[in-house]
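J.: Let me give you the structure first, and then I'll get to my questions.
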Amino acid sequence: MLADPKHGVESLSLPKGGLIRDQTFADDTTLYLKGTPANMDRAREVLKTFCHASGAKVNWCKSAAIWASRRDKSWEWGEAEGLKWIPKGRGTRYLGVQVGFHLPPEANFAALMLTLKGELINWSTNKLSLAGRILVSNQVLFASIWYLAACWNPDPKMCDQIRGLIRNFIWGGKEALARAKVRWDTLMLPTSQGGINVTNPKAQSEALLAKLFIRGLALGGEPWKELVRHNADKTRLPIHGKGSSSPDLHWLFATPKLKRLKCSMWKSIVGAWLNVRPGLIKSDLSNLDEVLRQPLFGNPSILNASGTPLGVGGMSEGNAFAQFGYSRIKDMWNVEAKD
């Protein structure tokens with residue numbers, strides 16, 4: 001109903017010209033509207049019509065609004081019905097995560113630490129062996145942080161706190177301080193190298209954020225991908241000056257420098273990608289699967305006619321591959337024909 005032109009409801013415009021109006025996840029609905037009182041009045045009338053027809057009801061007291069503009073809001077709307085406007089620096093819980101503008105790291109991770117401590121207390125009542133505590137740490141305790149870590153990179157202090165809780169549980173079976181018998185760096189090594197396969201929270205978080213970055217630049221017109229491409233376009237320093245091609249999978253490996261980042265979330269995503277990227281290119285490949293996973297661009301094993309890695313010479317180089325979504329050797333390899 002909101003999309004019907006006769007209602008005149010104006011959507012939120014995205015940087016590249018796209019529009020986003022509403023999203024629904026289970027019983028949570030989000031509206032993205034142009035921020036004018038008249039436009040929000042029109043949206044409210046549509047909601048009233050829908051409620052009359054469906055029997056549903058909007059609970060304004062449990063609804064929140066975020067003003068997505070650099071300019072201050074100079075008018076009031078919805079407060080009389082119970083709608084809460086979230087100021088900058090504060091957030092509201094949505095799909096298990098605090099969302100808002102200029103949120104401090106503790107806005108999300110303070111609650112995360114409480115959840116982690118609660119899980120640890122529950123498991124500390126069980127008399128587990130060392131192998132059992134390692135299994136619980138990897139599969140239960142760490143699992144409680146991956147959902148948030150997939151969209152926000154924990155700061156070093158938070159990683160230290162998480163590591164301390166897990167270390168105490170592994171060696172003492174509870175939250176209280178316990179003396180470690182092996183260095184943490186050694187614990188994260190595989191058993192074949194003398195470790196015990198404890199998950200590295202920082203590396204895992206960076207891998208999840210890097211995956212978000214890669215998927216955002218892949219083919220597709222989803223609104224979140226448009227925002228990722230827009231930020232990537234603002235972040236890179238064009239190799240051939242202004243007006244170079246828009247960001248895509250090719251850009252992931254071809255961009256040598258980055259501007260100073262201002263958005264904390266975008267800084268986390270790009271920083272994670274830059275840390276993960278060097279490990280994707282391997283020189284000692286032992287099987288076909290590892291070969292197929294290797295990137296096409298920026299790979300010293302794949303050279304152009306001038307003898308430099310494909311994509312490093314300029315943004316236009318390799319665009320024909322990138323337009324088809326080719327970013328790895330696997331994308332161009334016929335596995336059945338083996339060529």
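Only the coordinates and a few stated rules stand behind these numbers; no lab work does. These numbers come from a predicted model, not from an experiment. Here the Cβ positions follow ideal geometry from the backbone for every residue, glycine too, while neighbour counts run over all protein chains shown.
J.: Can you pull the one-decimal nm distance between simple spin-label points at residue 70 and residue 131, each 7 Å off the Cα toward Cβ?
T.: 5.9
J.: Let me ask something else about it. What number do you get for the chain when its Cα radius of gyration is normalised by 2.2 N^0.38 Å, N = residues?
T.: 1.21
J.: Let me ask something else about it. With a/c under 1.5 counting as rounded, go ahead and sort region 1-61 into rounded, prolate or oblate using the C-alpha gyration tensor (a ≥ b ≥ c being the square roots of the eigenvalues; past the cut-off, prolate if a/b is larger than b/c, else oblate).
T.: Prolate shape, in that a/c is at least 1.5 and a/b is the bigger ratio.
J.: Using the Cα centre of region 4-158 as the reference point, and only Cβ charges (+1 on K/R, -1 on D/E), how large is the resulting charge dipole? Debye, rounded to the nearest 20.
T.: It comes to approximately 220 debye.
J.: Round to a whole angstrom and tell me the spacing of the C-alpha centers of region 266-284 and region 97-161.
T.: 23
J.: Which of the residue pairs 88/117; 62/225; 211/282; 34/234; 16/282; 181/202 have a Cα-Cα distance greater than 27 Å in the structure shown?
T.: From 88/117; 62/225; 211/282; 34/234; 16/282; 181/202, over 27 Å: 88/117; 62/225; 16/282.
J.: Another question about this same structure. Could you calculate the FRET efficiency of residue 291 with residue 182 from 1/(1 + (r/R0)^6), where r is the beta carbon distance between them and R0 is 35 Å, rounded to 0.05?
T.: In this case the efficiency is close to 0.50.
J.: Using +1 on the beta carbon of Lys and Arg, -1 on that of Asp and Glu, and nothing else charged, what's the dipole of the chain about the Cα centre, debye to 20?
T.: 920
J.: Once you have the Cα-Cα distance between residue 280 and residue 19, take 0.36 nm times their residue separation minus that, and quote the gain in nm to one decimal.
T.: Separation in residues times 0.36 nm, less the Cα-Cα distance, equals 90.5 nm.
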